[in-house]
Amino acid sequence: MPIVKNLVTQMSGQIQVESQLGKGTTFTVELPFQSAEQEEHPCGGTLDNPVSLEGKHILLAEDNAVNMEIATEFLTMNGMKVTQAWDGQEAVECFATSLPYTFDAILMDMQMPKLDGCTAARQIRALSRSDAATVPIIAVTANAFAEDMAATTAAGMDAHISKPIDFAALCCTLGRLIGKSSKN
């Protein structure tokens, strides 16, 4: 429920709960939406010409099952292919054993078992393969202090997205970085 509450609040909505012992609980979620004709795309422009991420392959490193499920669902609903890694070591191994340019971007949680996100990013950047230096790596973390952002930059990450994830900001960031890396 805390995740649902955060998402509803982030979307400027409200959630109400009514419960009766022995009868059950009703959750009511109200979200304000504009019609598609009026809505501007979060990256600028209108929904007629958004940044397309369809067909992009994302390596998602996340150790929390709920966060993994939500992020995977969002990314696949938007036409992306997702490969899941459940810790930093698995993310490094998955990237290292894939063919070059398999992944268009990596979403890296910061606090994971075996290898934290910064260490995993450093190891990916240190691999001797053509895409290791250019694949966009985006830190995804609840830690949004300046020193956390500096640490992710020092580890070779390209951007920092705070949890709970603002998926509009994530799409904008992915679109910007994937476009940039494909021009190199």
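Among the residues of the stretch 135-168, which ones are among the aromatic types (Phe, Trp, Tyr) and over 15 Å from Gln10 (Cβ atoms)? Selection gives Phe145 alone. Of all the listed residues (Ala120, Ala168), the sole one being part of a helix (DSSP H, G or I), in contact with a strand residue (DSSP E or B) (Cβ under 7 Å, 6 or more places away or on another chain), under 23 Å from Thr72 (Cα atoms) and of a type outside the set (Phe, Trp, Tyr) is Ala120. The set of residues in the stretch 100-149 that are of a type in the set (D, E, K, R) and out of contact with any Lys or Arg (no Cβ under 9 Å at 6 or more places or on another chain) comprises Lys114, Asp116, Arg122, Arg125, Arg129, Asp131, Glu147, Asp148.
For the stretch 140-164, the set of residues classified as of a type in the set (A, V, I, L, M), at pLDDT 85 or above and in a loop (DSSP other than H, G, I, E, B) consists of Ala155, Met157, listed by residue number. Of the residues making up the stretch 139-171, those that are surrounded by fewer than 18 Cβ atoms within 10 Å (Cβ to Cβ) and farther than 22 Å from Val4 by Cα number 9.
None of Phe167, Phe74, Phe103 is within 23 Å of Leu53 (Cα to Cα) and either at pLDDT 95 or above or in contact with a Ser or Thr (Cβ under 7 Å, 6 or more places away or on another chain) (or both) except Phe103. Checked against the criterion of being touching a residue at least 12 places away in the same chain (Cβ under 8 Å) and either outside any helix (DSSP H, G or I) or buried (at least 18 other Cβ atoms within 10 Å of the Cβ) (or both), the candidates Leu99, Leu174 yield just one match: Leu174.
The values are calculated or read from the model by the stated rules, or taken from the named source; none is laboratory data. In this text, all values refer to a predicted model and were calculated from it rather than measured experimentally. Reconstructed Cβ throughout: ideal geometry from the backbone, glycine too, with neighbour counts over all protein chains shown.
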